[in-house]
Amino acid sequence: MDLVSLYVDQVGEDDLSHDRAAEFPLLKVYPSIREALTLGGDKLAVDGVLLIAEHGSYRRNQKGQTLYPRYEWFKEIVDVYRESGKTAPVFNDKHLSWNWEWAKEMVDTAKEMDFALMAGSSLPWVPRVPPVDLPLGAEVEEVLCVGSGRFDHIDFHSLEVIQCMAERRRGGETGVVAVQALRGKAILDAMNAGSWAAGGWDPRLFEACLCRGHRGAPAREGFSHVYPDADEIPDLLTAEPYAYRIEYADGLKATLLHLRGLVADTTFAARLKGKREPLSTLFYAQPRKLCNFFSAQVHAVEKVFLTGKPTHPVERTLMTTGLTAAGIESLWLGQKRIETPHLAIRYQPTPRSLFRRT
C-alpha cells in the first residue's frame with residue numbers, strides 16, 4: 001500500500017509532510033483536496049482517503065467546541081466522487097463533526113453513494129490490561145469510564161471506550177434517550193451520592209476503575225497504593241472535573257467521569273447482572289514518547305481500504321459524536337438534562353472486538 005498524495009491545511013514547525021515528500025518520490029504534496037484525490041488530474045485516482053482534520057489552529061465557538069473542518073473536507077471529497085462517477089473508502093479521524101446534523105449527513109451520504117465510511121478514536125483498538133472484553137449478549141446494568149482530559153476532544157475518546165463496550169450488551173445498541181453533564185462542585189456531590197438513582201454512580205465501579213489505572217495520584221506521599229477519599233480528591237485535581245450521565249433506551253446507565261490530576265489514563269468498569277464483582281480494565285495508550293497506540297487502528301484502516309468494508313459499524317462513531325455534542329450542550333445550558341430522540345441509533349457490534357491483544 002502506497003501513500004501517494006497529501007493535502008496539508010496548516011504547516012507548523014513540527015510538520016513532516018514536505019520532508020517525507022522529499023524522501024519518497026512517489027509521495028507528492030498538493031495545494032488542494034481535489035488535486036490530492038485526483039493526483040492533479042480530472043478524476044479520482046486513489047483507492048482510499050484519510051480525513052484527518054485536527055492538527056492545526058482552528059477557532060472555537062461560544063460553547064467551547066473546536067470547529068474542525070471535517071464536514072467541509074468530506075463535502076470536497078464527495079464532490080470529487082460525484083464528478084468522477086467513482087468512490088473510495090474514507091477513514092475520518094475521531095468524531096465526525098462538532099455539528100450533529102452534519103455528522104448525520106456524512107453517514108447518510110456514504111450510505112447513499114455506497115462507499116465505506118469508517119471513523120473514530122484509537123482507544124477501542126489499544127491493548128487492554130487485563131485483555132478482557134464485555135461478553136457478547138451480556139446483561140449490563142451500569143458502566144463507568146474514568147479518564148483525564150477536556151471536553152470536545154478527550155471526552156470523545158472516553159465515550160468511544162464506553163460505546164465499544166456497551167454496544168456488546170444483550171440486544172446490541174438501541175439508542176440513548178438523555179444526557180446530563182455535571183461539573184465542578186456537582187461532581188463532588190455526585191461522588192458522595194452513592195448510586196446512580198441518587199444522582200451519582202456505583203462506587204464499586206469507581207473503585208474498580210481506580211484500581212485498574214497505572215498513573216493515579218497517590219493519596220499519601222510515598223504510598224501509591226492508598227486510595228484517596230472523597231475529601232482528598234479535590235486537592236489532587238489539576239483541572240475542573242466534569243461528567244456526562246448517559247441514559248440508554250434499554251435502561252443501561254453510563255457515566256463518563258474526567259478527573260485530571262487524580263488519574264492520567266482511561267479505565268472502564270461494568271456491573272453485569274448476576275455478577276458480584278465488576279468487569280474492569282485499563283485501555284492502555286502508551287506514553288506519547290512511544291505513541292504506538294495507533295498501530296491496531298491503522299491496521300484496521302488498511303483493511304477497509306483493501307476490502308471496501310468497515311471493520312466496525314460507523315454508527316458507533318455517529319453515536320459518540322452525538323453524545324459529545326449533547327454533553328457539551330448540557331454544560332452550555334448550565335448542566336441541564338438534554339433529551340436525545342435523535343440518538344435512537346440501532347446497530348449490532350462485530351462478534352469479536354478488534355482491540356490489540358499483544
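Every read-out reported here was derived from the displayed coordinates using simple, explicitly stated rules and does not represent laboratory data. Here the structure is a predicted model, which means the values were calculated and not measured. Counting neighbours? That spans all protein chains shown, and the Cβs are built from the backbone with ideal geometry, glycine included.
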**OP:** Counting other beta carbons within 10 Å of each Cβ, put 356, 215 in order, fewest first.
**Re:** 215, 356
Subject >> the chain: translational diffusion in µm²/s, Stokes-Einstein, Kirkwood Rh over Cα pairs, 37 °C, 0.692 mPa s >> reply: 154
Original post:
Which of 25, 127, 341 moves the most in a Gaussian network model of the chain with Cα springs under 10 Å?
Top reply: 25
Subject >> Folded to 0 to 90 degrees: helix 70-84 orientation relative to the chain principal axis, Cα >> reply: 30
**OP:** Would you kindly derive the ³J(HN,Hα) couplings of segment 186-194 from the backbone phi angles with the Karplus curve 6.51 cos²θ - 1.76 cosθ + 1.60 (θ = phi - 60°), listing them in order in whole Hz, with x for Gly and Pro?
**Re:** 4, 5, 5, 5, 5, 5, 8, 5, x
**OP:** May I ask you to list the residues of segment 326-357 whose amide nitrogen lies under 13 Å from a point 7 Å from Cα along the Cα→beta-carbon direction of residue 250?
**Re:** 345-350
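If a/c stays under 1.5 just call it rounded; otherwise compare a/b with b/c (prolate if a/b is bigger, oblate if not). Do that for segment 5-120, with a ≥ b ≥ c from the square roots of the Cα gyration tensor eigenvalues. Each step should come with its number before you reach the end.
Details: a/c = 2.18, a/b = 1.09, b/c = 2.00.
It comes out oblate by the Cα gyration axes.
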Original post:
In what sequence do 23, 72, 160, 173 fall when counting other Cβ within 10 Å, fewest first?
Top reply: 23, 72, 173, 160
Subject >> Fully extended contour minus Cα-Cα distance, from residue 337 to residue 240, at 0.36 nm per residue >> reply: 32.9 nm
Original post:
Which ³J(HN,Hα) values, rounded to whole Hz and listed in residue order, are derived for segment 170-180 from phi using the Karplus coefficients 6.51, -1.76 and 1.60 in 6.51 cos²θ - 1.76 cosθ + 1.60 with θ = phi - 60°, glycine and proline given as x?
Top reply: 4, x, x, 7, 10, x, 10, 9, 6, 9, 9
Subject >> Antiparallel content of DSSP bridges confined to the chain, in %, to 5 >> reply: 65
Original post:
So how do 129-139, 178-188 stack up, highest first, on mean other-Cβ count within 10 Å?
Top reply: 178-188, 129-139
**OP:** Sort out for me the Cα centre separation of segment 284-313 from segment 336-358, rounded to whole Å.
**Re:** 18
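Rounded, prolate or oblate, given the Cα gyration tensor of segment 124-283, with a/c below 1.5 counting as rounded?
Verdict is prolate for segment 124-283.
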**OP:** Mind pulling the angle between the C-alpha long axis of helix 154-166 and the longest principal axis of the chain? Nearest 10 degrees, somewhere in 0 to 90.
**Re:** 80
Original post:
Helix 314-332 versus the longest principal axis of the chain: what angle, 0 to 90°, nearest 10, using Cα atoms?
Top reply: 60
Subject >> Spin-label model distance (nm) - residue 43 vs residue 55, 7 Å beyond Cα toward Cβ >> reply: 3.2
